[in-house]
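The values are calculated or read from the model by the stated rules, or taken from the named source; none is laboratory data. Just so you know, these numbers come straight off a predicted model, no measurement behind them. Counting neighbours? That spans all protein chains shown, and the Cβs are built from the backbone with ideal geometry, glycine included. We work out accessible area using only protein heavy atoms, side chains counted, and drop any ligands, DNA or RNA first. Shrake-Rupley method; radii C 1.70, N 1.55, O 1.52, S 1.80 Å.
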Amino acid sequence: MIEQIVAKVRDTLVTAGSTFPEDRKEAYRCAIAKEQIPRAKWAMETILENAEVAEQTRKPLCDDTGIPHLFIEVGPQKAVTGEMLSSIQEGVREGLRLLPGRPMAIMGNDTQRLDQSGGLDQDSGALAPAPFIIKNIEEDVIRVHVLMFGGGPAIRGLTQRVFHKHDAKVVADEIVSRANEAVKLLGCSPCTLAVGIGRSQVEATALMLEAMVKGRYDQQTEMEQYITNEVNKSETGPLGLGGGTSVLATFMKVGPQRASGVRVVAMRPCCCFEPRIATVEL
């Protein structure tokens, strides 16, 4: 059982780091067909070609291979043990070595890790994943979603308050405003905007991650489509070259809200290769 879990998580991490899901491939094809600017069309064609080669060779989509983030769903009759979590962590280590992940684990104490004076561990598997998020679901399964988070989107991401003024459109328009700036600065577009709206920074960020897990390019809510359309009016375009596709889609998860004048919004402008995600049932 332990060996099976390790192998499943290992292979899922490699898939996440090397493969576009089918709905994203189709979103790129549709965007390419609609694009009127040749250089923007070329950029998206090249991104899609890169993804197809990465999938065929099981090699990383990008040299920034990312930090593993795991979202674990647990059914009502299932249990997650400490042994299982250790097996999942070992699967992550083996997956990072197999992908391979870029060595990014900084060695040393707190100060050395902050200033990077401790140097880099050359073992790709030494890169620790982010703390796991575990959520109960109605289906009676244990499902693990592996996401690989690159540095650029993390730098351009934001978690801030929005004064909603009792109007959801005010919140959406503020997301658009922040996304326009973030997409322009990121450079690696077209983006997928991941948005979580909660009662605290922690909750909003967890909802943002869940939005990436649940989001689909061929299924957009009215508000998600509104945000996508508005940001695309900026004409930042693929790789900042101009054009009508700055954003392929918006994935948004709205959680419980506090009776207050503010909403806490976490937004990540996922780059042209993200969300890098794959899923497995244990």
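Of all DSSP bridge pairs formed entirely within the chain, close to 70 percent run antiparallel. Heavy atoms of the protein chains alone define the surface here; on that basis segment 140-282 has 41 Å² accessible area per residue at 1.4 Å probe size.
Most simply put, segment 131-282 has about 75% antiparallel DSSP beta bridges, counting only bridges with both residues inside it.
Extension gain for VAL80-LYS135 works out to 18.7 nm (0.36 nm per residue, less the C-alpha to C-alpha distance). For the peptides 129-136, 189-196, residues were scored by their other Cβ atoms within 10 Å and the scores averaged per peptide; the highest-first order is 189-196, 129-136. Scaling the Cα radius of gyration of segment 127-282 by the globular reference 2.2 N^0.38 Å produces a ratio of 1.02. Cysteine residues of the chain whose C-beta has no other cysteine C-beta under 4.7 angstrom: CYS30, CYS62, CYS191, CYS270, CYS272. Accessible area ranking (1.4 Å probe, heavy atoms, ligands and nucleic acids excluded), largest first, for GLU83, GLU90: GLU83, GLU90. When a 1.4 Å probe is rolled over the protein heavy atoms, the share of accessible surface on the chain that falls to carbon and sulfur comes to 52 percent. The stretch between VAL53 and GLN4, if pulled fully straight at 0.36 nm per residue, gains 14.8 nm over its current Cα-Cα span.
So for the chain, Kirkwood radius off the Cα pairs, Stokes-Einstein at 4 °C and 1.567 mPa s: how many µm² s⁻¹? Roughly 66 µm²/s, to the nearest whole number.
If you wrap segment 1-72 in the convex hull of its Cα atoms and look at it from every side, the mean projected area works out to 6.2 nm². Against the empirical 2.2 N^0.38 Å (N residues), segment 241-282 has a Cα radius of gyration ratio of 1.71. When LYS165, LYS184, LYS8 are compared by accessible area at a 1.4 angstrom probe, the order from most to least is LYS165, LYS184, LYS8. For each pair in LYS135/LYS214; LYS34/LYS233; LYS8/LYS59; LYS169/LYS233; LYS78/LYS135; LYS25/LYS184, compute the distance between the two Cα atoms and list the pairs where it is over 21 Å. Distance filter (> 21 Å) returns LYS25/LYS184. For q = 0.23 Å⁻¹, what log10 I(q)/I(0) does segment 56-184 give under the Debye formula with an equal point scatterer on each alpha carbon and no solvent? The Cα Debye sum returns log10 ratios of -1.24.
Here is the size of segment 207-282 from its Cα atoms: Rg then Dmax, 14.3, 44 Å.
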